[in-house]
Amino acid sequence: MSAKNFYVTTPIYYVNDKPHIGHAYTTILADVIARFHRSNNQPVFFLTGLDEHGQKVQQAAEKRGMDPQAHCDDLAPRFLQLWERLEIRYDDFIRTTEDRHQTIVQKVLQDVYDKGDIYTDEYEGWYSVSEERFITEKEKDSGEFRDVKRIKEKNYFFKMSKYQQQLIDHINANPGFIQPEHRKNEILGFLREPLNDLCISRPKARMSWGIDLPFDADYVTYVWFDALLNYVSAPGYGSDENKFQTWWPANVHLIGKDILTTHCVYWPTMLMAMGVELPTTVFAHGWWLMGESKMSKSLGNVVSPLDLIEEYGVDAVRYYLMSEMVLGQDASFTIESFIKRFNSDLANDFGNLLNRVCGLIGKYFEAKVPQPGEHTAEDRAIIDQAVALETEVTRHIDKLQIHSAIFAILDLVGKTNRYMEHEAPWKVAKEDLTRAGTILYVATESLRVAAHHLSPVMPARCGKVRGILGAADSGAAWGELKPGTELPAPEALFPRLEMPGV
């Protein structure tokens, strides 16, 4: 990782949605990436937030007999409370109803309008009330859209087509701009067809809950020139030039694959019209499935992260979500796979190593970290792998291969457990206490290094592991475990989980 500043974002979540495992996944992912970079002493800006405008919000507020702003104020704390429970350490939480955002949205709209890139036209077409957008004839015929009706009205349009070739050229010149590779190919395929201009307004007669167009008080802006601009309004675009220059361009926009086009076509062309540099990477992750089906409210198969936290603890949930999904692909959630992953990686390997080294140090060294002696080839193999781990983890994180970084850490833990079996310090202690102390120091220090690298994924429990080892503020370097440190009696941080119904 470079020492330059690092800016990572999640999508802003629709305020009417109850937070589910998909929201939790993306936000934990951003948090884990941010924590990895912070652990390398890199300045980080991690942004998340809420999209609070639109027809659905207006209708939901009306059903509750509330003002839309009061409705949003009532619902927003659900996300803040969940992020706190999930140990999410964001730097900014933006709501699109905040003045700091709305002011910038109107500024950008006026600038792009003055440039001649926004115009009026009358449009007639099929409109999906559920999706809050106009759809094509082909989309209508697909049967995937609900509440479809024919609408004819005057609206404002953004000249997105003007920037089509510039966008294609940028994608081809910057292979890492859209990731993973198959999503980049998907967007390039989409751009082979002529790009339509983008409808960016709604008449107040039909939808009043939004940000007024600065050049026409009868209209509000719709979605794209509101929600997407959060990525620049939060770090100070148009309000704090020094802050904006510090953080922009964003290093990574994390998104779900269902909003790929909005982030890889609409957003970059908007930035081109604004004369603002494009983000470095837009990374589209897959969906969490239940069996073969995408989680959705209509199917009734949404997993509540709060329920999982209550049952199994926050770190177990964070670990599972980060280790189970290969970023960019879909992953299937089951309680069985959740419990198997926890028991295999954490109870059997990580927790077992912690219990063994603490137990043996307690028995043979009065619960004090032993002084290591000369190293054998077997010791050296563990030490070398632990020393090399920082470079390996960094390489995987820079490629957004979170699961690979976790497996590299767990590989060190697994090899240390096998090292313990082979070296058998409980036997050696009867003949050579110095050698037994060296084995236990190597194994315990290896555990500490692993806990350091795993802390971004499991901050609470790995913090406890390092605290037990008297090395709460230690880093990645080998040898930070101090001989003579008194260890408390270990607590069961990773007890085995039982399958439901067993």
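Scanning region 5-39 for residues that are of a type in the set (Ser, Thr, Tyr), assigned to a helix (DSSP H, G or I) and crowded, with 24+ Cβ neighbours inside 10 Å yields a total of 2.
In the set Asp345, Asp384, Asp330, Asp398, only one residue is surrounded by 18 or more Cβ atoms within 10 Å (Cβ to Cβ) and at negative phi; that residue is Asp345. Which of the residues that make up region 264-284 are without any contact (Cβ under 8 Å) to a residue 60 or more places away in the chain, within 24 Å of Lys399 (Cβ to Cβ) and assigned to a helix (DSSP H, G or I)? Scanning region 264-284 gives a single hit, Trp267.
Restricting Thr103, Thr120 to residues that are in contact with a strand residue (DSSP E or B) (Cβ under 6 Å, 6 or more places away or on another chain) and in contact (Cβ under 8 Å) with a residue 24 or more places away in the chain narrows the list to Thr120. Going residue by residue through region 189-208, is there one that turns out to be in contact with a Lys or Arg (Cβ under 7 Å, 6 or more places away or on another chain), of a type outside the set (Asp, Glu) and touching a residue at least 24 places away in the same chain (Cβ under 8 Å)? Within region 189-208, none of the residues are in contact with a Lys or Arg (Cβ under 7 Å, 6 or more places away or on another chain), of a type outside the set (Asp, Glu) and touching a residue at least 24 places away in the same chain (Cβ under 8 Å). Within region 39-73, being charged (D, E, K, R) and either under 19 Å from Ile259 (Cα atoms) or touching a Phe, Trp or Tyr at 6+ places or on another chain (Cβ under 9 Å) (or both) holds for Asp51, Glu52, Lys56. Against the definition (in contact (Cβ under 8 Å) with a residue 12 or more places away in the chain, surrounded by 15 or more Cβ atoms within 10 Å (Cβ to Cβ) and either touching a strand residue (DSSP E or B) at 6+ places or on another chain (Cβ under 9 Å) or within 30 Å of Val252 (Cβ to Cβ) (or both)), how does Lys152 come out, yes or no? In short, no. Among the conditions (1) of a type outside the set (Phe, Trp, Tyr); (2) at negative phi; (3) touching a residue at least 60 places away in the same chain (Cβ under 8 Å), the only one that Glu87 does not satisfy is (2). Restricting region 225-276 to residues that are crowded, with 16+ Cβ neighbours inside 10 Å and among the charged types (D, E, K, R) leaves a set whose member that is modelled with the lowest pLDDT is Lys257.
Annotation: Ala436 fulfils all but one of (1) under 30 Å from the mean Cα position of the chain (by Cα); (2) crowded, with 21+ Cβ neighbours inside 10 Å; (3) among the hydrophobic types (A, V, I, L, M, F, W, C); the unmet one is (1). In region 158-186, the qualifying residues are those that are in contact with a Phe, Trp or Tyr (Cβ under 9 Å, 6 or more places away or on another chain) and not aliphatic (A, V, I, L, M), and the one that is farthest from Asp121 (Cα to Cα) is Pro180. Residue check: is Ser455 among the small types (Gly, Ala, Ser), touching a Gly at 6+ places or on another chain (Cβ under 7 Å) and at negative phi? Yes.
Filtered by the rule that a residue be in a helix (DSSP H, G or I), in contact (Cβ under 8 Å) with a residue 40 or more places away in the chain and either among the aromatic types (Phe, Trp, Tyr) or farther than 18 Å from Tyr119 by Cβ (or both), region 155-170 gives Tyr163, Gln166, Leu167, His170. Within region 135-191, the set of residues being touching a helix residue (DSSP H, G or I) at 6+ places or on another chain (Cβ under 9 Å) and among the acidic types (Asp, Glu) comprises just one member, Glu186. Taking (1) free of Cβ contacts under 8 Å to residues at least 60 places away in the same chain; (2) assigned to a helix (DSSP H, G or I); (3) not hydroxyl-bearing (Ser, Thr, Tyr) in turn, Ala471 satisfies each apart from (2).
The values are calculated or read from the model by the stated rules, or taken from the named source; none is laboratory data. All figures in this text were calculated on a predicted structure; none of them were measured in a lab. Note that each Cβ is placed from the backbone with ideal geometry, even for glycine, and that neighbours are counted across all protein chains shown.
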